[in-house]
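First up is the structure itself, then whatever we jot down about it.
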Amino acid sequence: MVLDDNIIAAAGESTLVTPGEPCMPARDTIALFVRSVRNLLRWKQQTLADFAGVSLSTVERVERAEKVTDECLDRIAVGLHYEKGLFTTPRVPLSPEAATEAWGNFVPVTVHRLSTQAAIRRLAQCHGFLLHRPGVSEVHDGLIYALIEWLDLASYLLGAPDDLAPPPTAGRRRELYACILDCVRSIEQEGFHVLGGVMGAPQLGLPEWEVAVVSITLKRDDPGAPKRREVYVDRRCVDLPARWQDAAEAENKIFGET
């Protein structure tokens with residue numbers, strides 16, 4: 001949900017390269033990538049240095065596009081939770097068009113720690129959920145899926161027609177939101193940060209479609225999460241299957257004719 005390594009594949013603007021020939025990413029491209037990801041993570045340079053096992057001056061040199069060893073670049077890539085070789089493996093630069101298609105689909109989504117009933121209510125009003133859980137072991141599936149099921153239940157009760165499920169009273173809604181917050185706190189007590197936000201995701205025939213984005217990350221690997229105010233999501237992750245869009249469009253036409 002942060003910038004992916006396609007931006008590295010777009011390297012080459014500041015160096016002379018032969019079209020179609022693999023080349024090393026340009027230093028200024030690496031500098032841009034490291035700064036961008038570090039800022040998205042809300043890490044200080046010292047935090048990255050600690051995670052990468054390099055000196056602060058090494059991180060500073062990388063972000064100034066100065067030369068450092070391949071070993072240091074590999075350490076920084078791993079420190080940012082990417083694969084070793086991200087900055088040191090030759091690759092074919094993307095064309096401007098391909099680069100735009102590759103990472104031009106990322107959109108910012110405002111997020112906050114899920115700590116209030118108002119935040120829970122806003123997520124429950126969405127039409128779907130997108131879960132982001134990098135590095136989270138399957139051991140914790142029970143707690144995480146319990147949260148999604150609670151949110152799914154709240155979404156159903158708030159949006160279902162009255163003849164299927166009468167809307168809960170204000171008191172019952174508050175009780176439901178409190179149960180969901182208890183679930184969030186249980187996840188946090190297991191050593192995780194839980195952030196949530198709402199992404200506008202209009203679809204064909206469904207212009208008001210919204211998706212709740214829930215990000216669950218390990219506290220030890222993601223110390224900047226409490227300060228994070230944005231995550232980037234690939235808009236293609238929330239595209240509905242064509243058959244759903246066709247059904248929605250057909251329904252709109254039917255109701256439009258009556």
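The values are calculated or read from the model by the stated rules, or taken from the named source; none is laboratory data. As the structure is a prediction and not an experimental result, all values here were calculated from the model. Cβ: placed from backbone, ideal geometry, glycine included. Neighbour counts: every protein chain shown.
Some notes on this structure:
- Of all residues making up the stretch 5-50, the number that are β-branched (V, I, T), closer than 30 Å to R220 by Cα and modelled with pLDDT under 70: 2
- For N105: the one exception among (1) touching a helix residue (DSSP H, G or I) at 6+ places or on another chain (Cβ under 6 Å); (2) touching a residue at least 12 places away in the same chain (Cβ under 8 Å); (3) closer than 23 Å to A225 by Cβ: (3)
- Those residues of the stretch 79-94 which are among the basic types (K, R) and crowded, with 16+ Cβ neighbours inside 10 Å, in sequence order: R91
- Evaluation of V92 against (1) closer than 21 Å to N39 by Cβ; (2) at pLDDT below 95; (3) of a type in the set (A, V, I, L, M) (one fails), failing number: (1)
- Residue within the stretch 123-143 that is modelled with pLDDT of 90 or more and in contact with a His (Cβ under 8 Å, 6 or more places away or on another chain) present: no
Residue by residue, here is whether (1) in contact with a helix residue (DSSP H, G or I) (Cβ under 7 Å, 6 or more places away or on another chain); (2) loosely packed, with under 13 Cβ neighbours inside 10 Å; (3) assigned to a helix (DSSP H, G or I) holds:
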{"position": "F129", "(1), (2), (3)": "yes, no, no"}
{"position": "D141", "(1), (2), (3)": "no, yes, yes"}
{"position": "Y145", "(1), (2), (3)": "no, yes, yes"}
{"position": "L158", "(1), (2), (3)": "yes, no, yes"}
{"position": "R172", "(1), (2), (3)": "no, yes, yes"}
{"position": "V184", "(1), (2), (3)": "yes, no, yes"}
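- Residues located in the stretch 47-78, provided they are touching a residue at least 24 places away in the same chain (Cβ under 8 Å), exposed (fewer than 14 other Cβ atoms within 10 Å of the Cβ) and within 22 Å of P90 (Cβ to Cβ): E66, K67
Here is a yes/no grid of residues against (1) modelled with pLDDT of 90 or more; (2) touching a strand residue (DSSP E or B) at 6+ places or on another chain (Cβ under 9 Å); (3) among the hydrophobic types (A, V, I, L, M, F, W, C); (4) in a strand (DSSP E or B):
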| site | (1), (2), (3), (4) |
| --- | --- |
| Y177 | yes, no, no, no |
| I187 | yes, yes, yes, no |
| G196 | yes, yes, no, yes |
| C237 | no, yes, yes, no |
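- Qualifying residue in the stretch 62-70 (condition: of a type in the set (G, A, S), under 23 Å from the mean Cα position of the chain (by Cα) and not assigned by TED's automatic domain parsing to the domain that holds R220): no
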